[in-house]
Amino acid sequence: MSAIATFLASPKLSDPVAGPLGLFGGTFDPVHYGHLRLAEEAISHLGLQGVRWIPAGQPPHRAQPGVTAAQRLAMVLRSTADNQQFFVDAAEVEADAPSYTVHTLERLRRELGAERSLVLLLGADAFAGLPTWHRWSDILELAHIAVSHRPGFPIAANNLSPVLAEAFRRRRPAAEEQLKSRPAGAIATFAMTQLAISATQIRQLLANGLSARYLLPDTVLDYIRAHSLYRNP
Ligand code: ATP
């Protein structure tokens, strides 16, 4: 069954109807335990009703990934299948156009309404790069942002560009409360178990014929082996 057919056959087609909903975009090339713990801990630390995973189609901010978007989606589907609070949104993978986060948020607002609290989950490295994103200040009006700590990327105003540091200073006070009481606009942070795992490291290990076991789920490694992915540097 293709990844998209698997998605359509999934019983978890719609996310919970109320409460803050986490949105987790990424290349997931491949998905690993850093991603899975971020989503899992965001639910408990921020009181989210669930997390909608949104694998990027054609990432505008980085080189094209080494595997197809459908294969990255298939790996996300495998890694999230047994968690009833995880949902997978294949729209960016299925789209022909580049996946800009602001367009995805506008689509989700049309789908979920203006009042629903939406919480965009970002690792600290992704957050630091936010001012380079298309229409980044509109993103702050469409969703809250929750930034997770990540090894090597301290969250501190002096590590951020001046415009982002200013937005962080204004939007951070009482952010955790606002995730529950407002649809968008706050910037929260949360401390997750620190896992110095990256997809880059996993791709390098696999390209060198080394083990990546225990950095990502076995179901994903099985898929990588079955499709001979990440073999060449
Ligand atoms: P790459 O090494 O290819 O750049 P990555 O491991 O950073 O990939 P992405 O798919 O680019 O993974 O990341 C998606 C999101 O997950 C980003 O917001 C990123 O900051 C976050 N993230 C990835 N790995 C971790 C980790 N180990 N701890 C916390 N956040 C993470």
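Structure above, values below:
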| quantity | calculated |
| --- | --- |
| Farthest toward positive dipole pole in the stretch 3-196 [+1 Lys/Arg, -1 Asp/Glu at C-beta], among 88, 163, 195 | 163 |
| Helix-derived mean residue ellipticity, 222 nm - over the chain, DSSP H n ≥ 4, -39500 (n - 2.57), to 500 | -11500 deg cm²/dmol |
| Anisotropy class of the stretch 114-153 from Cα gyration tensor, a/c 1.5 cut | oblate |
| Relative contact order [Cα under 8 Å, 6+ residues apart], the stretch 3-196, whole percent | 24 |
| Gain in span if fully extended, residue 37 to residue 201, counting 0.36 nm per residue against the direct Cα distance | 57.3 nm |
| Least to most buried among 206, 140, 38 (fewest other Cβ within 10 Å first) | 140, 206, 38 |
| Sorted by Cβ density within 10 Å, fewest first, the residues 29, 96 | 96, 29 |
| Contour excess over end-to-end distance, with Cα ends at residue 180 and residue 114 and 0.36 nm allotted per residue | 22.3 nm |
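Read-outs throughout are calculated quantities, based only on the coordinates presented, and are distinct from any laboratory measurement. Please read these numbers as outputs of a predicted model, since none were measured by experiment. Positions of Cβ are backbone-derived with ideal geometry, glycine not excepted, and every protein chain shown enters the neighbour counts.
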